[in-house]
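What follows is one structure encoded as structure tokens, with my remarks underneath.
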Amino acid sequence: MKEEKGKDNKSIDYETNNLISSNYDDHKSLKSQENTASKPINQLTNGLLGWYSVSSSEELKEGKLNFFTIYNEPLVLYRDRENIVRCVKDICPHRGASFLGGEVINGQLVCPYHGARFSSQGSCTNLDRITCQHIIDSNYDNYAKSIKLLQYPCVEKEGYIYIYYTGTPQSNIEDFEIKSSLNSLLPDSYGFPSSEYEYEEVYVDFKADWARIIENHLDILHVFWMHGNTIPDKNVNRNTITSFNQKIKRDNRQIESIYSYKTSSQEEFIRIKFVPPGRIFIYKGSPESTRYIQVLDHIPLGNNRARVIVRHYRKFLKNKLFTNLVLFSNLQRKTFYKIFTEDYQVLKTQTFNEQMGYIQKDNVKLLGEDKMVQYYWDWLQNALNKEKPWDIHPTNSTTNNVHNDRGMLYPPENPEMAIKNNRKILIKLLTRALFPISIILLLL
Ligand code: FES
Ligand SMILES: [Fe+2]
């Protein structure tokens, strides 16, 4: 890889056109830095409209409907007769009901209001049963043509369900012009052989702004302080707070920051990679050999509402029986929930502060370690101005908030789930302890 020092301690990687910043103490705004450095050739090309990972495959069982919203637009996922995932706008074209309470029968979506059934192509397959044939008999042909579901393109890959979101669903998914490649989101395309890993996964819902949550996951500074007592790593706690050397690498697909200890001869601490619009990879070392990758997907459900899907891939503890025995999954879940609950209070109030205009450039003073956040802000502002995704399906204070309430299913919004998980851990521990005790008692 050829590198050459540029102005401001920056070096341009000519092989990939990446901009690599090695000026750790530079507190200046990136905009002014960019003016003085050679302009990077590659900037993030993905905006806010495009591919989103919205569910894991496991969550979408055959015959089930999974409802969610994205940028306030209500959508529903289901599997059709061929087990292909469909993402449909949650509105029945007969009289506008939601499919909430509806069914999937033989891979066809069925409306709960008058029983209209739809093929996976979105056409109504039982017109005679939902209409009074004797009244509109002469209009049947026209009616049949006009009653159609609206859909978004969907792809299922490596245990994730991706939708191509544009804000404008179509009656024929072939009509979409797919402008961004799904490839840029896939772990495998970054060199992580995902099939070699086992993983745990949790969903978390926040009543906070989507963008603030991503920012939190790009933020190395708070991890030691806020999560120091929760993260099960003895080197990450309030007493071990340290400063890092930071290398930021940007190209048209991603921004990546590599943090290494200043003290111990450049030993790497962690890498954080942001791939727009909503995916973050956290790992250590090279993608091919890392033992552990965290993949976080952020879904902008609506104003002040967001969902995060967290997947922890690991190359260790792969034996299912053993991991079951040590309650690995439940304990992981407990840690995840705790970490997100810790973040939640800050995210909610930070959302308010941001929306009130308190977090303007002059009111906040960023540190060198915040550089990744600053790059992210620059991308976000640009994308928001250009695409205005929140203006496509705007809601206001009088909008019926049925989807807000329904959408928030996971902790910390639903603490009952965390309580249940804790109860499960307790019961499993008791059962494990009782088994040998009862054997001993029997033998006595
Ligand atoms: S509104 Fe769906 S069948 Fe009537
Ligand atoms: Fe956090």
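The values are calculated or read from the model by the stated rules, or taken from the named source; none is laboratory data. Given the structure is predicted, the values throughout are model-derived calculations rather than measurements. Neighbour counts run over all protein chains shown; Cβ positions are idealised from the backbone, glycine included. Please note that ligands, DNA and RNA were not included when accessible areas were found on the heavy atoms of the full protein model with its side chains. Shrake-Rupley method; radii C 1.70, N 1.55, O 1.52, S 1.80 Å.
Search the structure for amide H atoms under 5 Å from the amide H of ARG305, placed 1.01 Å from N in the peptide plane, and list their residues when 5 or more places away or on another chain.
ALA208, TRP210
Residues with amide H under 5 Å of GLU198's amide H, sequence separation 5 or more or different chain, H placed in the peptide plane at 1.01 Å from N; which?
Amide H neighbours of GLU198: ARG314.
If you add up the charges near ALA208, with Lys and Arg at +1 and Asp and Glu at -1, over every other residue whose beta carbon is less than 15 angstrom from its beta carbon, what do you get? Intermediate results must be reported in sequence, preceding the final value.
Values: positive: LYS207, ARG212, ARG305, ARG307, LYS348; negative: ASP205, ASP209, GLU215, ASP219, GLU342, ASP343, GLU354, GLU413.
Taking every other residue near ALA208 into account, the sum is -3.
Under the 0.36 nm per residue contour assumption, what length would be gained going from the current alpha-carbon distance of TRP225 and ASN304 to full extension? Please list the in-between numbers first.
Values: separation 79, 0.36 × 79 = 28.44 nm, distance 2.53 nm.
Full extension of this stretch gives 25.9 nm more.
Using only Cα atoms and rounding to the nearest 10 degrees, what angle (0 to 90) does helix 328-355 make with the longest principal axis of the chain?
90
How big is the range 224-287 in terms of Cα radius of gyration and Dmax, in angstroms?
Radius of gyration, then largest Cα-Cα span, for the range 224-287: 13.1, 38 Å.
Only helical DSSP H runs with n ≥ 4 go in: add -39500 (n - 2.57) per run for the chain, normalise by residue count and round the 222 nm mean residue ellipticity to 500 deg cm²/dmol. Before the final figure, lay out each step's value.
Values: 11 runs with 122 residues, N = 444.
My calculation for the chain gives -8500 deg cm²/dmol from helical runs alone.
Please give the net charge around THR431, taking every other residue with its beta carbon less than 13 angstrom from that of THR431, where Lys and Arg add +1 and Asp and Glu add -1. Before the final figure, lay out each step's value.
Numbers: positive: ARG423, LYS424, LYS428, ARG432; negative: none.
Neighbourhood net charge equals +4.
Efficiency by 1/(1 + (r/R0)^6): what FRET value for ARG406 and LEU430, r their Cβ-Cβ distance, R0 = 60 Å, to the nearest 0.05? Please report the intermediate quantities before stating the final value.
Details: r = 35 Å, r/R0 = 0.58.
Calculated transfer efficiency: 0.95.
Any idea what the alpha-carbon Rg over 2.2 N^0.38 Å comes to for the chain?
Working: Rg = 24.7 Å, N = 444, 2.2 N^0.38 = 22.3 Å.
Cα-based Rg divided by the globular estimate yields 1.11.
Using the basic label-point model (7 angstrom from Cα toward the beta carbon), what is the SER397 to ASP362 distance in nanometres?
Result for the modelled spin labels: 2.9 nm.
Please arrange GLU288, GLU354 by accessible surface area, largest first, computed with a 1.4 Å probe and ligands excluded.
On the way: GLU288 110, GLU354 70 Å².
Largest accessible area first, the residues go GLU288, GLU354.
Express in Å², to the nearest 10, the accessible area of HIS393 obtained by rolling a 1.4 Å probe over the protein heavy atoms while all chains stay in place.
That residue has around 40 Å² of solvent-accessible surface.
List the pair-distance distribution P(r) of the range 183-426, using every Cα-Cα distance, as the percent of pairs falling in each 10 Å bin from 0 up to the bin containing the longest distance, rounded to whole percents.
So the P(r) values, bin by bin, are 6, 28, 37, 22, 6, 0.
For the chain, what relative contact order do you get, as a whole percent, if you take Cα pairs closer than 8 Å and at least 6 residues apart? Could the numbers behind the result be given before it?
Details: 754 pairs, mean separation 80.6, N = 444.
Relative CO of the chain lands at 18 percent.
If you take every residue apart from THR341 with its C-beta less than 14 Å away from the C-beta of THR341, what net charge results, scoring Lys and Arg +1 and Asp and Glu -1?
Details: positive: LYS207, ARG333, LYS334, LYS338, LYS348; negative: ASP205, GLU342, ASP343, GLU413, GLU416.
Local net charge: 0.
In the structure displayed, which of LYS61/LYS148; LYS179/LYS365; LYS338/LYS388; LYS64/LYS284 lie more than 28 Å apart, Cα to Cα?
Values: LYS61/LYS148 24 Å; LYS179/LYS365 36 Å; LYS338/LYS388 34 Å; LYS64/LYS284 37 Å.
Pairs exceeding the cut-off: LYS179/LYS365; LYS338/LYS388; LYS64/LYS284.
Find the eigenvalues of the gyration tensor of the Cα atoms of the range 150-262, then list the square roots of 5 times those eigenvalues as equivalent ellipsoid semi-axes, largest first, in whole angstrom.
Working: eigenvalues 240, 61, 51 Å².
Equivalent-ellipsoid dimensions as semi-axes: 35, 17, 16 Å.
Tell me which of VAL275, PRO412, LEU301 sits at the most positive position along the dipole axis of the range 183-426, charges placed on C-beta atoms (Lys, Arg +1; Asp, Glu -1).
PRO412
Spelling out what I want: for every residue of the range 309-315, take phi, set θ = phi - 60°, compute 6.51 cos²θ - 1.76 cosθ + 1.60 (Karplus), and round to whole Hz; glycine and proline get x.
Calculated HN-Hα couplings, in order: 9, 10, 10, 9, 8, 9, 9 Hz.
Between the range 371-436 and the range 54-76, how many Å separate their Cα centres?
With the range 371-436 and the range 54-76 each reduced to a Cα centre, they are spaced 14 Å.
Apply 1/(1 + (r/R0)^6) to the Cβ-Cβ distance of SER146 and LYS61, taking R0 = 30 Å, and write down the FRET efficiency to the nearest 0.05. Intermediate results must be reported in sequence, preceding the final value.
Details: r = 32 Å, r/R0 = 1.07.
The computed FRET efficiency comes out at 0.40.
Collect residues whose amide H, placed 1.01 Å from N in the peptide plane, falls under 5 Å from the amide H of CYS87; neighbours closer than 5 in sequence don't count.
HN-HN under 5 Å from CYS87: TYR152.
On a 0 to 90° scale, report how tilted helix 415-443 is relative to the longest principal axis of the chain, with both axes built from alpha carbons and the result rounded to the nearest 10.
80
Any chance you could run the full-extension gain for GLU177 through LEU443? It's 0.36 nm times the residue separation minus the Cα-Cα distance, nm to one decimal. It would help to have the intermediate numbers written out before the result.
Working: separation 266, 0.36 × 266 = 95.76 nm, distance 7.19 nm.
Length gained between GLU177 and LEU443: 88.6 nm.
Would you rank ASP233, ASP175, ASP370 by solvent-accessible area, highest first, keeping every protein chain in place and using a 1.4 Å probe?
Solvent-accessible surface, decreasing: ASP175, ASP233, ASP370.
Would you rank TRP51, TRP377 by solvent-accessible area, highest first, keeping every protein chain in place and using a 1.4 Å probe?
Numbers: TRP51 20, TRP377 50 Å².
Reading off the accessible areas and sorting them downward yields TRP377, TRP51.
Gain in length, ASN353 to GLN121, computed as 0.36 nm per residue apart minus the alpha-carbon separation, to one decimal in nm?
79.1 nm
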